[in-house]
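Remarks on the structure that follows.
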Amino acid sequence: MEIQNYKGKNWSARKAGSIYIVSLSNHCNIVEGLTDFVQDQNIQAGEVTGIGAVSEATLRFFNPSTKKYVDKTFKEQMEVTNISGNVSEIEGKALLHLHITLGREDYTALAGHLLEARIQGAAEFVFYPLSTRVVKIKNNEIGINLYDFEQ
Ligand code: FE
């Protein structure tokens, strides 16, 4: 299996075969750092999972009846017990769709669609790229981005 190391803006990675292990720098933003990584490595589709710790996170809730997004920022130390998400392409650009579960100091959990989070501790990910491109198109009727496999 071919092993290679990579470094970018606020991230370092090891590629083993087709799979990457990715570490983000302390105090950097997760979505920003991972977006730089997928663009740098030209990952057009695939899956990502991760764990870590953050001092701040902004989650987004989509209300289907109003088609409106409600964003809320939580400023406290939290464990990232899971990030799961995928990579696709929208309007020619790489799009990361990430969901997060956060563990609070009282051991309860917060969860939702991740807009952004600031690392306080560590952030470790595994990327499973797929050798295809998948395009998403905004569906105005539902109000969210959906896969269009005809593209
Ligand atoms: Fe989402």
inquiry  = Being open to solvent by 50 Å² or more (accessible area, probe 1.4 Å) and touching a residue at least 24 places away in the same chain (Cβ under 8 Å) is the filter here; which residues of region 41-67 pass it?
reply    = Gln44, Glu47, Ile51, Glu56, Arg60, Phe61, Pro64, Lys67
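Condition check: under 20 Å from Arg118 (Cα atoms), surrounded by 19 or more Cβ atoms within 10 Å (Cβ to Cβ) and in contact with a Leu (Cβ under 7 Å, 6 or more places away or on another chain). Does Val38 satisfy that?
Yes: the conditions hold for Val38.
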query = In this structure, does Val126 turn out to be in a strand (DSSP E or B), within 16 Å of the ligand (Cβ to nearest atom) and either more than 15 Å from the chain's Cα centre (by Cα) or of a type in the set (Val, Ile, Thr) (or both)?
reply = no
query = Can you name the number of the only condition in (1) open to solvent by 60 Å² or more (accessible area, probe 1.4 Å); (2) farther than 23 Å from Leu24 by Cβ that Gly143 fails?
reply = (1)
key: Condition met for His99 (out of contact with any helix residue (DSSP H, G or I) (no Cβ under 6 Å at 6 or more places or on another chain), without any contact (Cβ under 8 Å) to a residue 60 or more places away in the chain and open to solvent by 60 Å² or more (accessible area, probe 1.4 Å))   = yes
message = Looking at Lys93, Lys138 in this structure, which one is within 16 Å of the ligand (Cβ to nearest atom), exposed (fewer than 14 other Cβ atoms within 10 Å of the Cβ) and more than 18 Å from Cys28 (Cβ to Cβ)?
response = Lys138
message = Checking Asp71 against (1) open to solvent by 70 Å² or more (accessible area, probe 1.4 Å); (2) under 13 Å from the mean Cα position of the chain (by Cα); (3) among the acidic types (Asp, Glu): exactly one of these is not met. Which one?
response = (2)
ask   = If you take the residues of region 74-90 that are within 20 Å of Phe37 (Cβ to Cβ) and among the hydroxyl-bearing types (Ser, Thr, Tyr), which of them is surrounded by the most Cβ atoms within 10 Å (Cβ to Cβ)?
value = Ser88
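I need the full set of residues from region 10-48 which are within 16 Å of the ligand (Cβ to nearest atom) and either touching a Cys at 6+ places or on another chain (Cβ under 8 Å) or closer than 16 Å to Ser88 by Cβ (or both), in order please.
Hits for region 10-48 are Val31, Leu34, Thr35, Glu47, Val48.
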inquiry  = assigned to a loop (DSSP other than H, G, I, E, B) and under 17 Å from the mean Cα position of the chain (by Cα): is that true of Ile83 in this structure?
reply    = no
key: Search result, residues across region 23-44 that are under 22 Å from Leu59 (Cβ atoms) and either of a type in the set (A, V, I, L, M) or within 14 Å of the chain's Cα centre (by Cα) (or both)   = Leu24, Cys28, Asn29, Ile30, Val31, Glu32, Gly33, Leu34, Thr35, Asp36, Phe37, Val38
key: Near pairs, Cβ below 7 angstrom, 6+ apart or cross-chain, from region 108-121 (more than 14 Å from the ligand (Cβ to nearest atom)) to any residue that is of a type in the set (Phe, Trp, Tyr)   = Leu110/Phe74
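The values are calculated or read from the model by the stated rules, or taken from the named source; none is laboratory data. Keep in mind the model is a prediction, meaning the values are calculated, not measured. No Cβ is skipped: glycine too gets one built from the backbone with ideal geometry, and neighbour counts run over all protein chains shown. These accessible areas exclude ligands, DNA and RNA; they are computed on the full protein's heavy atoms, side chains included. Shrake-Rupley method; radii C 1.70, N 1.55, O 1.52, S 1.80 Å.
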